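*Asks:* Here it is, the structure, as structure tokens.
The values are calculated or read from the model by the stated rules, or taken from the named source; none is laboratory data. All figures in this text were calculated on a predicted structure; none of them were measured in a lab. In this analysis, Cβ positions are derived from the backbone assuming ideal geometry, glycine residues included, and neighbour counts consider all displayed protein chains. Surface areas here come from the heavy atoms of the whole protein model, side chains and all, with no ligands, DNA or RNA. Shrake-Rupley method; radii C 1.70, N 1.55, O 1.52, S 1.80 Å.
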Amino acid sequence: MKKTVYIIGHKNPDTDAVVSAVGYARLKNLLGHPEYIAARAGHLNPQTRYIFEKFGLPKPEYIPDLIPKVKYFMQDNVETVQEDVSVWEAIGRMENTEIRVMPVVDKNGKYLSLLHYSGFAKGVLTILNPEKKHSFTTSINLILKTLNAQPLIVNDGDKTFKASIHVGSSSVETFVKRLEAHSSENIIVIASDRNDIHKLCIEHKVKLLITTSGCVIDKELRELAEKNGVSVIVSPYSTSPTSMLIAYSMPVSVMGDAEIKTVAINDSVAKIKDILKDAHCKYLPVVDEENKVIGIISEHDLMKEPNIEVILVDHNEITQAVEGIEHYVIQEVIDHHRIGAIPTKNPITFINRPVGSTATQIAGLYKEYKIPIPKDIAPLLLCGILSDTLILQSATTTDVDRDMVEYLSGITDLDYKQLGNEILIAGSNIKGREASDLIHQDMKEYVEGKVSYTASQIEVGNPKEVMDRKADFMKELALERRAHKALFSCLLVTDITKLSSLLLIDYDSKFEPFISWPKMEDNVFYLQGVVSRKKQLIPLITEAVTNYQK
């Protein structure tokens, strides 16, 4: 498959992560790189969903994980062959392809079996084995095509039948006995220019008489053949090559290996490795939900680089990245958070500026490349900045963010304060939503030294909505801490009207002596003026965790 580069934000993406991916993918496309595609590593939260619906834009592709899958390694330029095509024709097609197998399909394109050299070689050798009596399936028209023969009389040319092959080279007496011994079968006789043998075949009403070396039967025998329903064709080859070639006139449906298992594009590489190992041809067909062939995968394909690479936006820590990211080349990182540990195979472009939003940087890149920001992208980037800076009121806001908001407001003709209030209200409505859903909506995992923790954030118009359901939130935080084997799990509840926050935290009892924040009640702390997780909360937590580990 063609190379694809996914531009993707962190797990449990917020508005800034999603719109930055969309905005940067569009910039790459405008610069002449169609392989860049915006993606998201989680479902859209209510605020982000509201923004995309408001401006009538399609959501970026949802990629729940990047665990190596068949679709990242398979070849999609596979040629198929219909079940009624001869083995000889199929071999000719395979000689012109790089893939040394060919899936056999029915008239609707659905997979039946896999044609491969070892399979049909074994089948042909069985037919040609002089020690064994063997019949094979074919049709007169398939034989005609395989031999490039001249038709004289053809009855039911497309009808397949099981045939036994006989060469008319013995004495008349011996040949008569052979014909009588096989009288109940569909007999194909290959004979040269022996009129006596031709006559015997026609009188015994064989299924097909093949004359060789261009020999044509006389008019009298032709009339008798038509009367007796005997088909007659003329091979341009001598008897020996004709006898060899006729075995290849079998339809591929007979010779295909039906024991080869199929795989789906979303099957993991780990799942198919054993299946590939057991397949003696070392190829597996890839089919869709309708069992139609869409590709092929081999052991050799799994040794190649996958056909995708990634660009990370709005994060740079491995614990926050989509699962499986370590298997792929990371081309770039564009972020505005602290620098964590995410290893790369090669030197990369790494842009990390202390601004309030990644969207600010994406908009800035349009300016650097002197590319006009498209009318459908500009509102998204504006929303990303307003969301991440709480309408420019967060402690993370810089003059760069303010200037960019002014610029984007100007080219979109949108009142940024009105728009900002709209999207904050859309994101702050938590009525009827489960505590687990709210905690996972924007949750990030961090590693400090030898310990890890999770920090979630939600924005509300009134923290009382959360405190009234405190028991539910604490239960979910406890589950989260155990699931991650973390030192603690916390939820920053930001009051967008007072620009302060409550911190709900479930922690290991050994960590309690190191918490020095103003306590409001059990497991709840009041953080005056704290609205930014990255610039205000994480530094507070880092200090406490550092002291804990001393």
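*Asks:* Given the conditions (1) open to solvent by 10 Å² or more (accessible area, probe 1.4 Å); (2) among the hydroxyl-bearing types (Ser, Thr, Tyr); (3) modelled with pLDDT of 95 or more, report the number of the one that residue 319 does not fulfil.
*Replies:* Failing condition for residue 319: (3).
*Asks:* Kindly evaluate residue 84 against the criterion of being of a type in the set (Asp, Glu), closer than 29 Å to residue 327 by Cβ and either part of a helix (DSSP H, G or I) or over 19 Å from the mean Cα position of the chain (by Cα) (or both).
*Replies:* In short, no.
*Asks:* Considering only segment 503-524, how many residues are among the hydrophobic types (A, V, I, L, M, F, W, C) and assigned to a loop (DSSP other than H, G, I, E, B)?
*Replies:* The number of residues fulfilling the criteria is 2.
*Asks:* Can you tell me which residues in segment 207-259 are assigned to a loop (DSSP other than H, G, I, E, B) and of a type in the set (D, E, K, R)?
*Replies:* Matches in segment 207-259: 207, 218, 259.
*Asks:* Just a yes or no: is a residue in segment 313-323 within 25 Å of residue 284 (Cβ to Cβ) and in contact (Cβ under 8 Å) with a residue 12 or more places away in the chain?
*Replies:* The answer is yes, given that some residue of segment 313-323 is within 25 Å of residue 284 (Cβ to Cβ) and in contact (Cβ under 8 Å) with a residue 12 or more places away in the chain.
*Asks:* Now a separate question. Return the residue satisfying two criteria in turn: it lies in segment 455-482 and is aliphatic (A, V, I, L, M) and not in a strand (DSSP E or B), and of such residues it is surrounded by the fewest Cβ atoms within 10 Å (Cβ to Cβ).
*Replies:* The selected residue is 471.
*Asks:* Another one. On the basis of being in a loop (DSSP other than H, G, I, E, B), modelled with pLDDT under 90, of a type outside the set (Val, Ile, Thr) and open to solvent by less than 30 Å² (accessible area, probe 1.4 Å), does residue 164 make the cut?
*Replies:* no
*Asks:* A further question on this structure: So, in segment 387-428, how many residues would count as being in a loop (DSSP other than H, G, I, E, B), within 39 Å of the chain's Cα centre (by Cα) and surrounded by fewer than 16 Cβ atoms within 10 Å (Cβ to Cβ)?
*Replies:* Residues meeting the conditions: 0.
*Asks:* Which condition does residue 518 not pass, out of (1) at pLDDT below 95; (2) closer than 28 Å to residue 392 by Cα; (3) surrounded by fewer than 21 Cβ atoms within 10 Å (Cβ to Cβ), if it passes all the others?
*Replies:* Failing condition for residue 518: (1).
*Asks:* Looking at segment 202-217 only, could you name the residues that are over 58 Å from the mean Cα position of the chain (by Cα) and either open to solvent by less than 70 Å² (accessible area, probe 1.4 Å) or without any contact (Cβ under 8 Å) to a residue 12 or more places away in the chain (or both)?
*Replies:* The answer is 202, 217.
*Asks:* Also, I was wondering about something else. Restricting segment 127-142 to residues that are modelled with pLDDT of 80 or more and either farther than 21 Å from residue 256 by Cβ or among the β-branched types (Val, Ile, Thr) (or both), which is surrounded by the fewest Cβ atoms within 10 Å (Cβ to Cβ)?
*Replies:* This residue is 137.
*Asks:* Restrict the check to segment 34-41 and report whether at least one residue is out of contact with any His (no Cβ under 8 Å at 6 or more places or on another chain), of a type in the set (Val, Ile, Thr) and within 30 Å of residue 433 (Cα to Cα).
*Replies:* Looking through segment 34-41, none of the residues is out of contact with any His (no Cβ under 8 Å at 6 or more places or on another chain), of a type in the set (Val, Ile, Thr) and within 30 Å of residue 433 (Cα to Cα).
*Asks:* Here is a follow-up. Restricting to segment 324-343, count the residues that are touching a residue at least 40 places away in the same chain (Cβ under 8 Å), part of a loop (DSSP other than H, G, I, E, B) and open to solvent by 50 Å² or more (accessible area, probe 1.4 Å).
*Replies:* Residues flagged as touching a residue at least 40 places away in the same chain (Cβ under 8 Å), part of a loop (DSSP other than H, G, I, E, B) and open to solvent by 50 Å² or more (accessible area, probe 1.4 Å) within segment 324-343 amount to 2.
*Asks:* Let me ask something additional. How many residues are part of a helix (DSSP H, G or I) and either more than 19 Å from residue 14 (Cα to Cα) or touching a Leu at 6+ places or on another chain (Cβ under 6 Å) (or both) if we restrict to segment 363-380?
*Replies:* Looking only at that region, the number is 7.
*Asks:* Moving on to the next point. Quick check on segment 3-24: of everything there that is under 19 Å from the mean Cα position of the chain (by Cα) and among the hydrophobic types (A, V, I, L, M, F, W, C), which residue is surrounded by the most Cβ atoms within 10 Å (Cβ to Cβ)?
*Replies:* Within segment 3-24, the match that is surrounded by the most Cβ atoms within 10 Å (Cβ to Cβ) is 8.
*Asks:* Give segment 283-323 a look and list any residue that's part of a loop (DSSP other than H, G, I, E, B) and more than 17 Å from residue 9 (Cα to Cα), or say none.
*Replies:* Of everything in segment 283-323, those that are part of a loop (DSSP other than H, G, I, E, B) and more than 17 Å from residue 9 (Cα to Cα) turn out to be 288, 289, 290, 291, 303, 304, 305, 306, 307.
*Asks:* Of a type outside the set (A, V, I, L, M, F, W, C), in contact with a helix residue (DSSP H, G or I) (Cβ under 9 Å, 6 or more places away or on another chain) and open to solvent by 10 Å² or more (accessible area, probe 1.4 Å): which single residue out of 53, 35 fits that description?
*Replies:* 35
*Asks:* Could you please find all residues in segment 366-378 being closer than 25 Å to residue 44 by Cα and open to solvent by 10 Å² or more (accessible area, probe 1.4 Å)?
*Replies:* 373, 374, 375, 376
*Asks:* Further, regarding this structure: Return yes when residue 305 is of a type outside the set (Ser, Thr, Tyr), closer than 30 Å to residue 362 by Cβ and either surrounded by fewer than 22 Cβ atoms within 10 Å (Cβ to Cβ) or within 20 Å of the chain's Cα centre (by Cα) (or both) and no when it is not.
*Replies:* yes
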